[in-house]
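Just below is one structure, and these are the notes that go with it.
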Amino acid sequence: MTEHYPEEDRIFELLQALNKGICPKFERCAGISPTRLRLLHELFQVDEVSQITLQKGMDIDAAAVTRHLKGMEESGTITRRNNPADNRVTLVSLTDQGRERMIQYSEEKRRFVATLLTGFNDQERTVLIDMLNRLQSNINLL
């Protein structure tokens, strides 16, 4: 039987609190959800991409991608159209407005992260990145 450490409980609680707290606070500060910002970022890199490729590349479920893209389309940041070669495929691209907003949102993200990391020196930031990468690797093993 493995030994249990109270620090493990505290670490888990802190990770849960960070997970629960970061998204709504980011959205309030930046005006966009982290998931929608990731979608914009992915679309910023290409001229046009299929919705399924976007969904798989981001590793989120199809219904969530559709929901996000619908909202982004209504706000004028993206366009969707059927692929003329295959009507079953939906192609997604950023509008000019979406490209402009992506730049604005990226700046808001930079400010948000800078605020989160206030008081962390360069060495601590490097250690934090290493620890978070190791946690992600461990999660991927589960």
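The values are calculated or read from the model by the stated rules, or taken from the named source; none is laboratory data. Bear in mind the structure is a predicted one, so any value in this text is a computation, not a measurement. So basically every Cβ, Gly included, is an ideal-geometry build from the backbone, and we count neighbours across all protein chains shown.
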Here is a check on your reading of the model: is Leu69 part of a helix (DSSP H, G or I), surrounded by 13 or more Cβ atoms within 10 Å (Cβ to Cβ), modelled with pLDDT of 95 or more and not polar (S, T, N, Q)? yes
Collect the residues in region 90-142 that are outside any helix (DSSP H, G or I), modelled with pLDDT of 95 or more and over 20 Å from Leu40 (Cβ atoms), keeping them in residue-number order. Leu117, Thr118, Gly119, Phe120, Asn121
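In region 19-51, what residues are among the β-branched types (Val, Ile, Thr), surrounded by 15 or more Cβ atoms within 10 Å (Cβ to Cβ) and not in a helix (DSSP H, G or I)?
Filtering region 19-51 for residues among the β-branched types (Val, Ile, Thr) gives 22, 32, 35, 46, 49.
When the remaining residues are screened for being surrounded by 15 or more Cβ atoms within 10 Å (Cβ to Cβ), the result is 32, 35, 49.
Selection gives Ile32, Val49.
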Conditions (1) surrounded by 12 or more Cβ atoms within 10 Å (Cβ to Cβ); (2) over 18 Å from the mean Cα position of the chain (by Cα); (3) within 30 Å of Phe12 (Cα to Cα) -> Asn83 fails only (3)
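Could you check region 90-142 and list, in sequence order, the residues that are among the charged types (D, E, K, R) and touching a Ser or Thr at 6+ places or on another chain (Cβ under 8 Å)?
If we filter region 90-142 for residues that are among the charged types (D, E, K, R), which is where we start, we get 96, 99-101, 107-111, 122, 124-125, 130, 134.
Arg101 - this is the single residue of region 90-142 that is among the charged types (D, E, K, R) and touching a Ser or Thr at 6+ places or on another chain (Cβ under 8 Å).
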Residue in region 37-44 that is of a type in the set (D, E, K, R) and either under 15 Å from Gly98 (Cα atoms) or modelled with pLDDT of 95 or more (or both) present: yes
I need the full set of residues from region 52-66 which are surrounded by 14 or more Cβ atoms within 10 Å (Cβ to Cβ) and outside any helix (DSSP H, G or I), in order please. Ile60
Listed by first then second residue, the pairs whose first member lies in region 113-139 and is of a type outside the set (D, E, K, R), whose partner is part of a loop (DSSP other than H, G, I, E, B), with beta carbons under 7 Å and at least 6 positions apart or on separate chains, are Leu128/Phe120
Does any residue in region 94-112 that is over 18 Å from Ile78 (Cβ atoms) come within less than 9 Å, Cβ to Cβ, of a residue that is among the hydroxyl-bearing types (Ser, Thr, Tyr) six or more places away or on a different chain, and which pairs are these? none
Verdict on Thr95 being among the hydroxyl-bearing types (Ser, Thr, Tyr), under 20 Å from the mean Cα position of the chain (by Cα) and surrounded by fewer than 16 Cβ atoms within 10 Å (Cβ to Cβ): no
